[in-house]
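*Asks:* One structure follows; several queries about it will come next.
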Amino acid sequence: MEQTFRDNRIFVGGIWQAGRGAPITSHFAAEGCVNTVINGASAQDVDLAIARARDAQPSWGALKPHDRATVLYRISERIAANIERIAWVQSRDTSKTLTETRALAASAAATFRYFAAVAETSDDLLTVPRGDYITASVHEPLGLVAAITPWNSPIASDAQKIAPALAAGNAVLLKPASWSPLVCLELALIAEEAGLPKGLLSVLPGSGREVGNLLVEHRDIAKVSFTGGTATGRRLAHAAAEKLMPVSLELGGKSPTIVFEDCDIDLAIAGILFGIFSSSGQSCIAGSRLFVQRSIFDTFTERLVAATQALVVGHPFDAATQVSSLVHLDHRESVERYVAMARDEGGNILCGGAQPKDTAQKDGAYYLPTIIGGLDNSARTCREEIFGPVLVVMPFEDEADVIAQGNDNDYGLACGIWSTDHRRCQRVARAIRAGTVWINTYKQFSISTPFGGDGDSGMGREKGRAGLRAYQRQKSIYEDMSGQPHPWARWP
């Protein structure tokens, strides 16, 4: 695929200019090489982006929703027309397979299209009056929104924040992760070409300590939407509390996957493999804790290990690849430390647990899909997010036991259940503390269905029709219809 990188400018309030911050190096971890170097945003760039957003937002917010929707439809169409370009840039930026990055680009196009439709069809409400007046509840833009997105699925994460925020009438200042800034700049170019007015979108690559903190603390930022690690989310929530500013946090996960003895084994194995090893395990919703009913534990685990060993680990541009490189060599070292910890905790490496021996992968950040047995749910490996292709498998006795173990974790993001007993599936789904539960499937998404977590997995929800309202403030309006002075105000 013949592609080149664009120049190293960033998008500051709708204008392409050289960043005045520290340089950011984009790596192609699959080959251990450098993609390009861009200059990140400085404090001056952030201030300039905010000033331009402040100037542009009022006229955008005053547009009729269907007029804003027209621009979002055009952005959707241009994303769909440029899927190959977007996929290539994102694969080079993250080392995800082209199969996955094409799907992520298509998802981003669908997100803009969906929220354009939501903007066109969302009604305000005439409430039931309780006197001689008309009462209404209306929604207005917040103003300036900061969106902070992670490196693992940038184009989809960007769209899930930018599209509803723009549809709601806001300006958006996006801070992408320093490991994956390039595809976010591609999205900015598409928005510009689609006719988004200048100032409404900025893409400001840089560190969280610099760019992120400036955005969160700035008095003109009315809301922050953050996807990333729990520790950073806590610090952000504290800063937001100081400002009494609304915040949405989509944080980490340590999601349980539950296999009952009556499951369709082939269906379960396929779903479990996809749930933990797709995206090379670099997913907040990864099903990283597997609970298998004791009566089938040995047989099921043996089959799962054999299926895992058959997965194709390879280059992201190879159509046969199922598990690609991790995003960065530093991240692989983090995954390796967790596997070493599992060994120290008494875990048995049932497969993987090492870098591939294939010399074609020696320069990349590859790590074999790994299954660990011999641990219980109290092990650190079972409690902390690894964010890599590492699965811990544990037995359980019955429904009550697995509910207790599944909920015995600080995270509450997702869960998978595998059983042919539909009533049991529904019972367990309602009993498990998680924002999303999949039954006999995993990692399936719809932009129309809200998504988020509980506990250390965050607060607030994205997606769905309510996703638009999350970027608006609600106002009540009363209009008197009696024409009479208020009886309290008596005078001679």
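We did not get these values from a lab; they are worked out from the coordinates using the rules stated. Please read these numbers as outputs of a predicted model, since none were measured by experiment. Virtual Cβ from ideal backbone geometry, glycine too; neighbours counted across all protein chains shown.
*Asks:* Expressed as a rounded percentage, what relative contact order does the chain have, with Cα pairs under 8 Å and six or more residues apart?
*Replies:* Relative contact order comes out at 18 percent.
*Asks:* So how tilted is helix 297-309 from the main axis of the chain? Cα-based, degrees 0 to 90, rounded to 10.
*Replies:* The answer is roughly 80 degrees.
*Asks:* Calculated FRET efficiency, ILE134 and GLU302, Cβ-Cβ r, R0 56 Å, to nearest 0.05?
*Replies:* Once rounded, the FRET efficiency stands at 0.20.
*Asks:* I've got another one for you. Go ahead and estimate [θ] at 222 nm for the chain from helices alone: -39,500 (n - 2.57) per DSSP H run with n ≥ 4, summed, over the residue count, rounded to 500.
*Replies:* After summing the helix terms and dividing by residue count, I get -12000 deg cm²/dmol.
*Asks:* Any idea how far the Cα center of region 338-417 sits from the one of region 208-273, in Å?
*Replies:* Cα centroid to Cα centroid, the span is 20 Å.
*Asks:* Among the GluC sites (Glu not before Pro) within region 374-459, which fall in a DSSP loop and have no more than 13 other Cβ atoms within 10 Å of their own Cβ?
*Replies:* Counting only loop positions with at most 13 other Cβ atoms within 10 Å, the GluC sites (Glu not before Pro) in region 374-459 are GLU397.
*Asks:* Provide the gained length on full extension for the span LEU125 to GLU333, in nm with one decimal, where the gain is 0.36 nm per separating residue minus the Cα-Cα distance.
*Replies:* That pair, LEU125 and GLU333, stretches by 69.5 nm at full extension.
*Asks:* Between beta-carbons, use under 13 Å as the cut-off and find the net charge around ASN170, counting Lys and Arg +1, Asp and Glu -1.
*Replies:* My count for the surroundings of ASN170 gives +4.
*Asks:* A further question on this structure: Rounded to whole Å and ordered largest first, report the semi-axes of the equivalent ellipsoid of region 289-342 derived from its Cα gyration tensor (root of 5λ).
*Replies:* 26, 19, 7
*Asks:* Would you order MET481, MET341, MET245 from fewest to most other beta-carbon atoms within 10 Å of each residue's own beta-carbon?
*Replies:* Fewest-to-most Cβ neighbours within 10 Å comes out as MET481, MET341, MET245.
*Asks:* Under 11 Å from a point placed 7 Å out from the Cα of SER207 along the Cα-to-Cβ direction: which residues of region 1-30 have their backbone N that close?
*Replies:* Residues 22-23 fall inside that zone.
*Asks:* So what are the three principal axis dimensions of region 174-230 from its Cα atoms, in whole Å, longest to shortest?
*Replies:* Projected onto the principal axes, the Cα atoms of region 174-230 cover 34, 27, 17 Å.
*Asks:* Let me ask you something else. Determine the sum of side-chain charges near ILE403: Lys and Arg each +1, Asp and Glu each -1, restricted to other residues whose C-beta is under 14 angstrom from that of ILE403.
*Replies:* Net local charge, ILE403 excluded: 0.
*Asks:* From the gyration tensor of the Cα coordinates in region 159-313, what semi-axes in whole Å does the equivalent ellipsoid have, largest first, with each one equal to sqrt(5λ)?
*Replies:* Whole-Å semi-axes of the equivalent ellipsoid: 40, 19, 14.
*Asks:* So for the pair ALA360, ILE15, with labels modelled 7 Å out along Cα→Cβ, what separation do we get in nm?
*Replies:* 4.8 nm
*Asks:* Oh, and also: State the volume of the convex hull built on the alpha-carbon positions of region 57-134, expressed per residue in Å³ and rounded to an integer.
*Replies:* 136 Å³
*Asks:* Rounded to the nearest 0.05, what FRET efficiency is calculated for SER476 and SER295 with R0 set to 51 Å and r the Cβ-Cβ distance?
*Replies:* It comes out at approximately 0.30.
*Asks:* Quick one: which residues, 5+ away or cross-chain, put their amide H under 5 Å from the amide H of ILE24? H built at 1.01 Å from N.
*Replies:* ILE38, ASN39, GLY40
*Asks:* Once you have the alpha carbon radius of gyration of the chain, what is it after dividing by 2.2 N^0.38 Å, with N set to its residue count?
*Replies:* In units of the 2.2 N^0.38 Å rule of thumb, it is 1.05.
*Asks:* Please compute the length gained on full extension between GLU345 and PHE317, using 0.36 nm multiplied by the number of residues separating them and subtracting their Cα-Cα distance.
*Replies:* Between GLU345 and PHE317, full extension yields an extra 6.4 nm.
*Asks:* Here is a follow-up. As a footprinting exposure proxy, order HIS27, HIS422, HIS139 by other Cβ within 10 Å, with the fewest listed first.
*Replies:* Taking fewest neighbouring Cβ atoms as first place, the list is HIS422, HIS139, HIS27.
*Asks:* Given 25 °C and 0.890 mPa s, compute D for region 399-471 with the Stokes-Einstein relation, Rh being the Kirkwood radius over Cα pairs; round to the nearest whole µm²/s.
*Replies:* Answer from the Stokes-Einstein relation: 187 µm²/s.
*Asks:* What do you get for the angle between helix 83-94 and the principal long axis of the chain? Use alpha-carbon atoms, 0 to 90 degrees, nearest ten.
*Replies:* 60 degrees
*Asks:* How would you rank LEU187, LEU63, going from fewest to most other Cβ atoms within 10 Å of each one's own Cβ?
*Replies:* LEU63, LEU187
*Asks:* Once you keep just the Cα pairs under 8 angstrom separated by 6 or more residues, what percentage relative contact order results for region 59-135?
*Replies:* Normalised by residue count, the contact order of region 59-135 is 37 percent.
*Asks:* Would you mind classifying region 256-439 by shape? Square roots of the alpha carbon gyration tensor eigenvalues, ordered a ≥ b ≥ c; an a/c under 1.5 is rounded, otherwise it is prolate if a/b is larger than b/c and oblate if not.
*Replies:* Prolate.
*Asks:* I would also like to ask the following. If the convex hull of the alpha-carbon atoms of region 348-452 is projected onto planes in all directions, what is the mean projected area in square nanometres?
*Replies:* For region 348-452, averaging the hull's shadow over all directions gives 8.9 nm².
*Asks:* Cα axis of helix 329-344 to longest principal axis of the chain: angle in degrees, 0 to 90, nearest 10?
*Replies:* 50 degrees
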